[in-house]
Amino acid sequence: MASIKDVAAEAGVSVATVSRALNGHPSVSAAARARVLAAVETLGYRPNAVARSLRTDQTRTLGLVISDVMNPYFTELARSVEEEARALGYSVIIGNADERPDLQDHHVTTLLDRRIDGLLVSPTDGGSPRMLDAARAGTPMVFVDRWIPGVDVPVVRSDGRAAVRDLVAHLHGLGHRRLAIIAGPAATTTGRERVDAFREALGAYGLPLPDAYIGQGDFQAESGRRVTEGFLDLPEPPEVVFAADNLMALGALDAVRARGLRVPEDIALAAFDDIRWFVHTDPPITAVAQPTGDLGRAAVRALVDRIAGRAGESVTLPARLVVRRSCGEAATPHDPTPRDPAPQDPSPSPVRRSTP
């Protein structure tokens, strides 16, 4: 394996010049840097990351602790984080909290022990002691998707309120009046926010949200199945089930099919957090889509700013409604996906539902 001395000899410069060239020092001339890079390529030299971190007090590594790696939303988020970090010269180590505060603390401790330069976290269950301690101690940190009120950390998230209003307007236009929600954990900001947005949107049309139409889920498919079974057992079941995340929506779909019922003929289904799979369900599912890739990229840039000693700005991006056919919409030749945003016709579909 080639050493830094081999690179210096090949390029005809000193070892110090090689080191400065590889670290982007401005004192190295363009010609010398070009020779060094050519020698690195020829010899296949790879700098020792551990030794470099001891010299610079940086590892060029970021930590990402996500709530659930099995959730396609977080999988896509992790991918965009890794891509943006790589473009900026960083590697990423990922920890899966599995919606458990104790696992979140385990990953935070492990990542800090590995001397990461900064930490991206989607807090689970309102946070965890080790993570809160790290944030208050000044560890470069950014919250992504979820956040903890009162903790002075930049937040990169989407705002789904307008998209939820669009969804309720869409459902109302289709004739639906009895709308229920499978809520996420009340301990999470996203869990609370989506229920509040849904209730407010219903209120604009004078529609109630009775307690019987609020089912408590946990962002997992099994809870979506369980809550939907409860809705279907009501004396007056809802006409629409709105799942506050994609996995709960898939669980709801399983529950409906297990009863021998059909979507949307017997009950309509909509979801928060669009995923690519939704175009392949029968029918394709109407959903609120978050700008997941943009969120991941913005979170990395905010964290790199924090690492560099800059403030790092919070970023809020709008979500949007993607209309498909799971709520009684008329069939169209092309169902848009999150990466294929076809414009939506704001006029209501002629399909109507009975009202109480």
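Quantify, in whole percent, the carbon and sulfur part of the accessible surface of the chain (1.4 Å probe; protein heavy atoms only). Carbon plus sulfur share of accessible area: 52 percent. With K and R counted +1 and D and E -1, the other residues having a Cβ less than 11 Å from that of ALA249 yield a net charge of -3. Annotation: per residue accessible area for the chain equals 46 Å², rounded to a whole number [probe 1.4 Å, protein chains only]. Shape summary: the chain maps onto an equivalent ellipsoid whose semi-axes, from the alpha-carbon gyration tensor, are 49, 21, 16 Å in decreasing order.
Highest GNM mean-square fluctuation among LEU209, LEU171, LEU269, for the chain modelled with Cα contacts below 10 Å: LEU209.
Taking θ as phi - 60° and the Karplus parameters 6.51, -1.76 and 1.60, the scalar couplings of the range 263-275 work out to 9, x, 4, 9, 7, 8, 9, 9, 9, 9, 6, 6, 9 Hz in sequence order, x denoting glycine and proline.
Once backbone amide H atoms are built at 1.01 Å from N, ASP159 has LEU317, ALA319 as its partners under 5 Å, excluding neighbours fewer than 5 places away on the same chain.
Quickly estimate the mean residue ellipticity at 222 nm for the chain, helices only: each DSSP H run with n ≥ 4 gives -39500 (n - 2.57), and the total goes over all residues, rounded to 500.
On the way: 12 runs with 144 residues, N = 356.
So the helix-based figure for the chain works out to -12500 deg cm²/dmol.
The range 248-294 and the range 135-193 have Cα centres lying 19 Å from one another.
The values are calculated or read from the model by the stated rules, or taken from the named source; none is laboratory data. Quick caveat, the model's predicted, so the values are computed rather than measured. So basically every Cβ, Gly included, is an ideal-geometry build from the backbone, and we count neighbours across all protein chains shown. Remember, those area values only see protein heavy atoms, side chains included, never the ligands or the DNA or RNA. Shrake-Rupley method; radii C 1.70, N 1.55, O 1.52, S 1.80 Å.
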